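Bear in mind that the values in this text are calculations on the coordinates, not laboratory data. This structure is a prediction, so every number in the text was calculated from the model and none was measured. When we count neighbours, we look across all protein chains shown, and the Cβ atoms used for this are built from the backbone with ideal geometry, even at glycine.
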Amino acid sequence: MQIIFILSALLATCIAKSVPLLNLTANYGYTYAYALDLAVPAPFNTYVCIKSHGYSTVFVRGYDPTGHGRFDVNAVNNIRNANQAGLGTEVFMTPQPFSSKRGGAQFKELFDNLRYNNIQVRTVWLQVTSPVNWGSDAQRNINLINDIIITANSCGVVVGFYTNAYDWSQITRNANLEGAMLWWASIGWS
C-alpha cells in the first residue's frame, strides 16, 4: 500500500505544474529554481519526467534517521539517475537525535559512503524539522548540530539548514547561526 502511494505521489509530481521556490530577482538580485526533495528510490524515467516539467534540481536524502541512523541506501542511485537525466543534485541529511552515534559520526557515515561511491559532495543540507523527532533539551540538540557542522567542515563540506521558524525555535530555542545557508521550509498547496 505504501509503495502504491509513493508511486502515485511521484506520478502526481510529474503531472503537476511546477511552482517556483524563490523569485526575488527584481528586488534582491536572487534567482529561483524548481526543485524537489526525495527520500525514496526513483528510477531514471522519473527523473526525466521531473526534468521535463521544469525542475532543475533534486534534493536527495543521504542519511536516513531509521533506528540509530544510517546511510540512505537509495542515495547513490538517486543521485546518479538524477545527474544522468540532467538534473542538479543536492544532498540532505535527516539526523537521528536519539542515536548512540554522535552527530559527527552520523555525518561521516554519510560522507564516507558517498565518497566510496565516487560521489563528491560540497554541501549537505541538515534537516532540522519535526520537533517531535528531537529531544526537548535544546542544548543537546544544538550540540548534535554543532558536532555535524564541525565534522562536515573538517571534510571540506559546507552545511546548510532545512528548517522553518517554528521548528527551529522548538528544536534549538532560536539558536543563532550567522551566515548559514537556509532552505526555508514553507510548504503549501494551491
**Fill in**
Output ordering of 52-60, 115-123 (per-residue mean of other Cβ within 10 Å, highest first) is 52-60, 115-123
**Per-residue ³J(HN,Hα) for segment 71-87, Karplus 6.51 cos²θ - 1.76 cosθ + 1.60, θ = phi - 60°, Hz, x for Gly and Pro** = 4, 6, 5, 8, 4, 4, 5, 4, 5, 5, 4, 5, 4, 4, 7, x, 9
**Item:** Long-range HN-HN contacts of W183 with modeled amide H, under 5 Å
**Value:** F161, Y162, T163
**Asked** Between S169 and T66, how many nm apart are label points set 7 Å from Cα along the C-beta direction?
**Response** 3.5 nm
